[in-house]
1. Pick from the stretch 8-21 the residues that are within 19 Å of residue 46 (Cβ to Cβ) and surrounded by 20 or more Cβ atoms within 10 Å (Cβ to Cβ): which of them is farthest from the chain's Cα centre (by Cα)?
2. Please enumerate the residues belonging to the stretch 26-39 that are surrounded by fewer than 18 Cβ atoms within 10 Å (Cβ to Cβ) and either of a type in the set (D, E, K, R) or in contact (Cβ under 8 Å) with a residue 40 or more places away in the chain (or both).
3. Just checking, how many residues over the stretch 224-280 are farther than 17 Å from residue 198 by Cβ, in a helix (DSSP H, G or I) and modelled with pLDDT under 95?
4. Give just the number: which of (1) closer than 30 Å to residue 4 by Cα; (2) assigned to a loop (DSSP other than H, G, I, E, B) does residue 146 not satisfy?
5. Can you find a residue that is modelled with pLDDT of 90 or more, touching a Pro at 6+ places or on another chain (Cβ under 7 Å) and either aromatic (Phe, Trp, Tyr) or not in a helix (DSSP H, G or I) (or both) anywhere in the stretch 177-196?
6. Residue 95 - would you say it is out of contact with any helix residue (DSSP H, G or I) (no Cβ under 6 Å at 6 or more places or on another chain) and either of a type outside the set (Gly, Ala, Ser) or not in a helix (DSSP H, G or I) (or both)?
Amino acid sequence: MKYRENLKNKSRIVIKIGSSSITHPETGALNLTKLEILVRELCDLKNAGKDVILVSSGAIAVGRQTIGFHHRPKNVAEKQACAAIGQAQLMMIYQKLFGEYGHQAAQVLMTKDTMMDNLSRRNASNTFDELLALGAIPIVNENDTVSTYEIQFGDNDTLSAIVAALVGADLLLLLSDIDGLYTDDPRKNPDARFIDFVDTLDGHLMQMGKGAGSDVGTGGMATKLSAAKIATASGADMIIANGDDFHVIHRILQGTPVGTLFQGKKNEDFYLIDILEKEF
């Protein structure tokens, strides 16, 4: 397909990974083998001359495992404590791994307030531009240490789409624990059909969103389709693919037909602040 072939020409790529993609399901601890593959893939994209931004979940999951919680944190204080511990550990490991391949990682923590305020949003955009100009790889997460309901994005699917729009990315990859978009939940319906390509997101497709499918993540298909609305309206193509094997990243960029591709269609009336005010 022509659209797949054109993916190799993408120059600014945002990649979002879910908690379930970087942790062991048995323990919730970081899967270091997978993390190393992820970092190597991203560094190779950088070596090919592409701008790369990673939106990485996992802080709360890592913190919860470190503290010894055997349950998902339920109250705000527990979540924020787990995030504070887990985010520090996560970035330390990212810095070490990226450094081994000759690249510099940079932490960017955001809340909804960052994007809703005009000055803060411009400052965030300028920071991303400068980091990319310096050759760094920004690693973005919601600032779960201070976030409460009023200032939360709620999931990193939404955050990654907003980041893609903010930086003018031409491709957003959502890597999670599902292969892509189906006509129904394939975990429950064996007759669910896989959808390879989406030209236009209509109401019928939006109704296909299902709830979260893993114990460690927060976003289900509904959040991914909402992310697709934002990303494609800003002009970026978006792909939902399985993050079980991070080698899928270079396969996607080579045009291999994996995941569901949502075609970007720049809406000339697209203004990020309008989307934020409508969605939040």
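1. Taking the stretch 8-21 first, the residues within 19 Å of residue 46 (Cβ to Cβ) are 8-17.
Narrowing the set further to residues that are surrounded by 20 or more Cβ atoms within 10 Å (Cβ to Cβ) leaves 13-17.
Working: 13: 11, 14: 7, 15: 5, 16: 2, 17: 5 Å.
For the stretch 8-21, the residue satisfying everything is 13.
2. The initial filter retains those residues of the stretch 26-39 that are surrounded by fewer than 18 Cβ atoms within 10 Å (Cβ to Cβ), namely 26-27, 29, 31-33, 36-37.
Residues satisfying the conditions are 26, 32, 36, 37.
3. Within the stretch 224-280, residues that are farther than 17 Å from residue 198 by Cβ, in a helix (DSSP H, G or I) and modelled with pLDDT under 95 number 8.
4. Just one mismatch for residue 146, condition (1).
5. yes
6. Values: out of contact with any helix residue (DSSP H, G or I) (no Cβ under 6 Å at 6 or more places or on another chain): yes; either of a type outside the set (Gly, Ala, Ser) or not in a helix (DSSP H, G or I) (or both): yes.
Yes; evaluated as a whole, the condition is true for this residue.
Okay, residues lined up against (1) touching a residue at least 40 places away in the same chain (Cβ under 8 Å); (2) aliphatic (A, V, I, L, M):
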position: 90; (1), (2): yes, yes
position: 93; (1), (2): yes, yes
position: 98; (1), (2): yes, no
position: 102; (1), (2): yes, no
position: 109; (1), (2): no, yes
position: 146; (1), (2): yes, yes
position: 164; (1), (2): yes, yes
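The values are calculated or read from the model by the stated rules, or taken from the named source; none is laboratory data. Nothing here was measured: the structure is a model prediction, and the numbers come from that model. Quick reminder, even Gly has a Cβ in these numbers, built from the backbone with ideal geometry, and neighbours come from all protein chains shown.
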